[in-house]
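Inspection log for the structure reproduced underneath, given as structure tokens.
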Amino acid sequence: MSDLRSRLRFDGSVPKPRSTPGVSSKRAALQELASTGPELADLQERVHATGKHGDGRRVLVVLQGMDASGKDGAMKHLLGQVNPAGCRVTAFGRPTKEELGHDFLWRIKNALPASGQIGVFNRSHYEDVLIVRVHELVPRAVSGRRFGRINTFEKQLVDSGCAVLKVFLHVSWEEQGERLLARLEDPSKHWKVGPTDVKERARWAEYQEAYLEA
């Protein structure tokens, strides 16, 4: 554990959870988001047009982060700037019985955006080198091989004309706790908190270790 603490110290190379690299304030970020809306809409229309003519170009946005890190909010901001009709959003939860009967990338490949589309993943294939390691759902040798397979898979996507944007939403232990408590205090958000959230929060250090390995 002491080794983990030393590896998790912020030495300037990794942004602190509350830092906003490249953005001076939330207000400035919202203004920039609004100003880029027309440009994003234009780019989306161009990608959609190329897809209509057989071009393989598409966009995949991968959102990864701990519980309450803001993945749902990030999706709302993104989709609010483009035409939802040209997007495919997939939230990956616990694998179904059918999905467990296939290779771990099977459900990921089935959720990829078609040509001309923008795809958004709420969680992703990285769950299969995070949760499975923390909960030891498969032998370590099996999960270890998945790192190389994910790299190969993403390279194949890029080579096929898919732009892959990976976003890690960084949240601290303290901030996560505050956000979970806020959900409990808001009756309209009680559905977003369950016993599993508490159990997973208790394994925070193990998840940070798994993220470092990923």
(request) Would you work out what percent of the accessible area of the chain, with all protein chains in place, is carbon or sulfur (probe 1.4 Å)? (result) 56
(message) Please list TRP191, TRP106 from largest to smallest accessible area, probe radius 1.4 Å, with all protein chains kept in place.
(response) TRP191, TRP106
(request) Please give the per residue accessible area of the chain, computed with a probe of 1.4 Å over protein heavy atoms only, in Å². (result) 62
(request) Sequence neighbours fewer than 8 away in the same chain don't count; with that in mind, list the lysines whose C-alpha is under 18 Å from LYS189. (result) LYS71, LYS76
(message) Output wanted: per-residue J couplings in Hz (rounded whole) for the stretch 57-67, from phi through Karplus 6.51 cos²θ - 1.76 cosθ + 1.60, θ = phi - 60°, x for Gly and Pro.
(response) 5, 7, 10, 10, 9, 9, 9, 10, x, 5, 4
(message) Using Cα springs under 10 Å in a Gaussian network model of the chain, which residue among VAL59, VAL158, VAL198 shows the largest mean-square fluctuation?
(response) VAL198
(request) Give me the aspartates and glutamates in straight-line cross-link reach of LYS166: C-alpha distance below 12 Å, same-chain residues under 8 apart excluded. (result) GLU154
(request) Please give every one of the aspartates and glutamates within straight-line cross-link reach of LYS155, meaning a C-alpha to C-alpha distance under 19 Å, and leave out same-chain neighbours fewer than 8 residues apart. (result) ASP55, ASP103, GLU127, ASP128
(message) Could you tell me the calculated FRET efficiency between ARG149 and LEU30, based on Cβ-Cβ distance and R0 = 25 angstrom, to the nearest 0.05?
(response) 0.05
(request) Under 13 Å from the Cβ of ASN83, count the other residues' Cβ atoms, weight Lys and Arg +1, Asp and Glu -1, and hand me the total. (result) 0
(message) Let me check against my output: what whole-number percent is the relative contact order of the chain, with C-alpha pairs under 8 Å and at least 6 apart?
(response) 28
(message) With viscosity set to 1.002 mPa s at 20 °C, what whole-number translational diffusion coefficient in µm²/s follows for the stretch 164-214 from Stokes-Einstein and a Kirkwood radius over Cα pairs?
(response) 171
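The values are calculated or read from the model by the stated rules, or taken from the named source; none is laboratory data. All values reported here derive from a predicted model rather than from experimental measurement. Ideal geometry is used to build each Cβ from the backbone, glycine not excepted, and the neighbour counts take in all protein chains shown. In case anyone asks, the SASA skips ligands and DNA or RNA and just uses the protein heavy atoms, side chains included. Shrake-Rupley method; radii C 1.70, N 1.55, O 1.52, S 1.80 Å.
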